[in-house]
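Engineer: Let me begin by handing over the structure; questions about it come next.
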Amino acid sequence: MEYFAHETAVIDDNCNIGAGTKIWHFSHVMNNCTMGENCNLGQNVVISPEVILGKNVKIQNNVSIYTGVTCDDDVFLGPSCVFTNVTNPRSGVNRRGQYDKTHVGKGASVGANATIVCGHDIGAYAFIGAGAVVTKTIPDYALVVGNPAKQIGWMSEYGHRLNFNEAGEAVCEESQERYTLVNNVVSKVS
């Protein structure tokens, strides 16, 4: 099975697009991008050259992902969120090719209108609240909100807030999966 691209989408040369992926209205996938199977790019999405997306990445409308960004499998990017790739941009100074990298871990969610400042990775299953401005690296399972983004808790892989007891144990209300918190690091109990 091949991918689907709406007739208004533009896909440049040398892109590797996985089976079952859907690219919707007015989106632009630039050269040398890689997308896994079953991704979904909403309307007016821009994927800059050499961006790498894993499988089942869901990108909502009006999202820009710039060169230097990689996303693991099952990442969710909310409407109008944006990534940067230069920390000190100037119109009169060409910094093309001097891009800072940002990696988004497996299962992470980035809320609507959030901004991810380049050079700061987002951990697996982290949850970035709507409108947050990420200016530092975010650990696995962290819940962050605000400008600048501050951690206010922890999230399960199903997207529910984890409430740890005194022993550092929590259970996801939906999946019933168990988690531990040791030295400010969350792990799922297998």
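Engineer: Give a residue-ordered list of calculated ³J(HN,Hα) values for the range 15-27 (Karplus: 6.51 cos²θ - 1.76 cosθ + 1.60, θ = phi - 60°; whole Hz; x for Gly, Pro).
Structural biologist: For the range 15-27, the Karplus curve yields 9, 10, 10, x, 4, x, 6, 10, 10, 9, 3, 6, 8 Hz.
Engineer: What nm value, rounded to one decimal, do you get for the distance between V189 and D100 when each label is placed 7 Å out toward the C-beta?
Structural biologist: Distance between the two pseudo-spin positions: 3.9 nm.
Engineer: Pull up the DSSP beta bridges for the range 57-111 and report the antiparallel fraction as a percent, rounded to 5.
Structural biologist: Around 10 percent of the beta bridges assigned by DSSP in the range 57-111 are antiparallel ones.
Engineer: Can you run phi through the Karplus equation (6.51, -1.76, 1.60; θ = phi - 60°) for the range 136-141 and list ³J(HN,Hα) in whole Hz, with x for Gly and Pro?
Structural biologist: 8, 5, 10, x, 3, 6
Engineer: Cα-Cα pairs above 26 Å in the range 1-155: how many percent?
Structural biologist: Here the tail beyond 26 Å accounts for 22 percent of pairs.
Engineer: What are the residues whose amide H is under 5 Å from the amide H of I17, where those residues sit 5 or more places off or on another chain and H is modelled from the backbone?
Structural biologist: Those qualifying (amide H under 5 Å, at least 5 residues apart or on another chain) are M35.
Engineer: Hey, in the GNM for the chain with a 10 angstrom Cα cutoff, which one of G168, G111, G42 fluctuates hardest?
Structural biologist: For the chain, modelled as a Gaussian network with Cα springs under 10 Å, the answer is G168.
Engineer: Given H placed on each backbone N at 1.01 Å, which residues far from A108 in sequence or on other chains put an amide H within less than 5 Å of it?
Structural biologist: F76, Y125, A126
Engineer: Using a basic spin-label model with each label point 7 Å from the Cα along Cα→Cβ, how many nm lie between A19 and N147?
Structural biologist: Simple spin-label model gives 4.4 nm for this pair.
Engineer: Given K101/K136; K101/K188; K58/K101; K22/K106, which pairs have Cα atoms separated by over 24 Å?
Structural biologist: K101/K188
Engineer: Here's something else I'd like to know. From the phi angles alone, apply the Karplus equation (6.51, -1.76, 1.60; θ = phi - 60°) to the range 63-77 and give each ³J(HN,Hα) in whole Hz, x where the residue is Gly or Pro.
Structural biologist: So the J values, rounded to whole Hz, are 9, 10, 10, 9, 3, x, 9, 10, 10, 6, 4, 6, 7, 10, 10.
Engineer: Next question. Taking every DSSP beta bridge with both residues inside the chain, roughly what % is antiparallel (nearest 5)?
Structural biologist: Working: 14 of 50 bridges.
Within the chain, antiparallel bridges account for around 30 percent of the total.
Engineer: Using modelled backbone amide H atoms (1.01 Å from N, in-plane), which distant-in-sequence or interchain residues come within less than 5 Å of T67's amide H?
Structural biologist: S48
Each reported figure results from applying straightforward, stated rules to the coordinates on display, with no laboratory input. As the structure is a computational prediction, the values presented were derived from the model and not from experiment. Cβ coordinates were reconstructed from backbone atoms using ideal geometry, including for glycine residues, and neighbour counts include every protein chain displayed.
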